[in-house]
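Read the structure below first, then the notes.
Just so it is clear, none of the values below were taken in a lab; they were calculated from the coordinates. This is a predicted model, so every value here is computed, not measured. Virtual Cβ from ideal backbone geometry, glycine too; neighbours counted across all protein chains shown.
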Amino acid sequence: MAHGVKSLSLAAIFLLVIAAVRPARGADDVTVASPDGKVVISFSLKTLPQPYLPGQRAYYRVSYGGVPVLTDSPLGLDFEGAPALDHDFEVIGTDRHSHDDKWMNPFGTIRDVPDHYNQVRVSLLEKHAPGRELDVIFRAYNEGAAFRYFLPQQGALEKFTLMAENTGFYFSRDATAFALNKGRFNTDNEGEYARTDLNTIKPASIINLPLLIQVPDGPWVALLEADLTDFPGMYVGGVPGFDHALVSRLSPGPERVDEVAVGSAPRTLPWRVLLINDRPGGLIESDYLILNLNPPLALPDTSWITPGKAAWDWWSGDYDTNVDFKPGMNTATMEHYIDFAAEHHLQYMLVDAGWYPQSDDTHPGNILTYVPEVNVPDIIAHGKEKGVKVLLWVHWSAMSEHMDEALDLYSKWGAAGVKVDFMNRDDQEMVNFYNRLVLKAAEHHLVVDFHGAFKPTGLRRTYPNLLTREGVMGMEYSKWSERVTPLHDVTLPFTRMLAGPMDYTPGCFNNATREQFKPRDVDPMCQGTRAHQLAMYVVFESELAMLSDYPEIYDHNPGMEFLDKVPTVWDETKVLNGEPAQYVTIARRHGEGWFLGAMTNWDPRDLEIPLTFLGAGEFEAQIFADGADADSVATSLAITKKRVRSSGNLTLHLAPGGGAAVIFMPATAAQTQP
């Protein structure tokens, strides 16, 4: 009898614990679950005790596999000249919709993109005057949760000025996060993603997206946004009176800090997105969700859009060796880089700042002409003769002022695209500039690379001529700082890269150990091994990838063969292992071949990698690995070949700051290669 009483007591305790953890579901809850049932979004109108705001309000919750991710999180918008649209609602309708399809993406990391979700739209009416209407659309995907606001056409809300979006992300418990905290709006989105606790994010904080969170005893979650159109970019800050709670914060306009957007109904606002997965690598594999949440392709013809690799003159800083001309921003140097690109079958040459008259990089200058030292039409003609397309760098403000004239001119010259720089803002006005430029560039069959940029939000699905963008602390920082480290490199795939392609500008062959490294502007170094740099071309997503060093450092040096062969778009992606700030191994398929990239932080690492991703048959593996002395000679590279099958494993040793890059080709195909 005593044993029975004890068992009953334990059972009662267990039920009490479950009840405390599981959020209460009201009678009027509206829920939607993902096709696999793991992601559940719940919406309800309820009154909650302090420190929640008083009155009946709209809240939503998110769980994953039965584990609460977000507890009651508020929804609402704040308009100028009216009460906040966030309380005293009634539900006047719900509409459910399911979608199961896929689409083909030749410009990304997965070719056949699944698009499968369940959706519910909740229509709300404000009970008191002025009786405004608001819809909230919730979508549950296997890959995560997304929701957005929709303002229907209505007499009570026509033209509006939005002062704030009060969307909460109230996590169910304290969690570890990897956060980029620039501390202000309108940034270049360049910096380290530091490990922190959610509780340390204060109400005054302004945290950039993406934000990566690990829920204790639960999933990994990434907070992002998608379909950012005619609206400011979103950041998050803490919530007064709450622990591990975040609230949306929008970039203000350049004229008024208390105004974030103007518009009129009907109006759809951007998606707020939670990527959710049991593994951090699973977030990378499913980041196509951001694309799914954007409008489909808007271009009738994409045959002119060419992903690829580019030679680039800026990184080396007017430096070259064993050449019969003075290196610098001049025609001879640009044509020399084009010759190198042609020899190695690179698709592009990027002519960076200095080709048109300007006092320095921060001033717009005259983008409708070129300096005598840089004959742009001749350079482009030389590229055409060699089969290499030319891209031109421009300052954004000059492009904004002269967009039609400039794009017409560059198209007549025969340029293939533009690199647009120094925006460093994501307010509504600047977001509209991005969209306007990408559309206008497409009309002229020009590709686009944004630098000094905000994070991607999926615009490239609609306009795939947007090949890449910066918005990342890339290798350029090695010219003046010690901030770009192998630790930073292996954090980026799990943070910034979840939003989309990043023009990190890899390819440094002047590799250095931590002790040997010194920042320098001309002939710069980079931290980590040669194999670490090669692996970036697989690990880092960018449909336009720079080979950033000067031609003579590449020619006839170990590793160039890998750069010759590695593509920039992929049919399939598998994240084989990895932890943020620790290490990562990614395999990507292009046609019949697989390419693998592995990178580690400053800790040496031995990896045993199952090859099940290869599929049937025998493959020849060409392995570019850290040499035996790479811990002291960072340029040391060991190149070997071996036959492998999917039933086997690949053993790799990564030196401190090291890596490995591997090409797997079907044995029959490998035999026929020249």
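Some points to look at:
- Ranking PHE517, HIS363, VAL69 by how far each Cα lies toward the positive end of the dipole of the chain (charges on Cβ) leaves VAL69 at the top.
- Distance between the modelled labels on ASP521 and ASP230, one decimal in nanometres: 4.4 nm (7 Å Cα→Cβ projection).
- Convex hull per residue volume in Å³, alpha carbons only, for segment 265-332: 264
- Going by neighbour counts of Cβ atoms within 10 Å, the residues ASP36, ASP606, ASP287 line up, fewest first, as ASP606, ASP36, ASP287.
- Between segment 114-151 and segment 376-448, the C-alpha centres lie 37 angstrom from each other.
- Distance cut-off 17 Å, percentage of C-alpha pairs in segment 111-238 lying past it: 68
- P(r) for segment 28-292, from all Cα pairs and a bin width of 5 Å, is 1, 6, 12, 17, 19, 19, 14, 8, 3, 1, 0 %, short bins first.
- C-alpha center-to-center spacing [segment 307-362, segment 545-579] in angstrom: 19
- Largest first, the three principal axis extents of the alpha carbons in the chain are 85, 69, 44 Å in whole numbers.
- Vicinal HN-Hα couplings computed from phi for segment 304-319 (Karplus, 6.51 cos²θ - 1.76 cosθ + 1.60; Hz; Gly/Pro x): 7, 7, 10, x, x, 10, 9, 6, 8, 8, 6, 4, 6, x, 6, 10
- Structure-based [θ]222 nm, the chain - -39500 (n - 2.57) summed over DSSP H runs of at least 4, per residue, nearest 500: -5000 deg cm²/dmol
- Summing Cβ point charges (Lys, Arg +1; Asp, Glu -1) relative to the Cα centre of the chain gives a dipole of roughly 2060 debye.
- Set LYS419/LYS440; LYS565/LYS642; LYS384/LYS455 screened for pairs whose C-alpha atoms are more than 21 Å apart: LYS384/LYS455
- Distances between placed amide hydrogens fall under 5 Å for ASP603 paired with GLY657, all partners being 5 or more residues away or on another chain.
- Structural descriptor for the chain: relative contact order 11 percent, calculated from alpha carbon pairs under 8 angstrom and at least 6 residues apart.
- Amide hydrogen neighbours beyond the local backbone of HIS244, cut-off 5 Å, H modeled: ASN199
- For the chain, the longest principal axis of the Cα atoms and the long axis of helix 376-386 meet at an angle of about 80 degrees.
- Shown here for segment 406-492: chymotrypsin sites (Phe, Trp or Tyr not before Pro) in loop regions (DSSP other than H, G, I, E, B) with at most 15 other Cβ atoms within 10 Å, namely TRP480.
- Counting neighbouring beta carbons within 10 Å and listing from fewest to most, the residues CYS508, CYS526 come out as CYS508, CYS526.
- Between TYR193, TYR149, ALA164, the Cα set farthest toward the positive side of the dipole of segment 80-234 (charges on each charged residue's Cβ, about the Cα centre) is that of TYR193.
- Across all directions, the shadow cast by the convex hull of segment 262-406 built on its C-alpha atoms averages 14.2 square nanometres.
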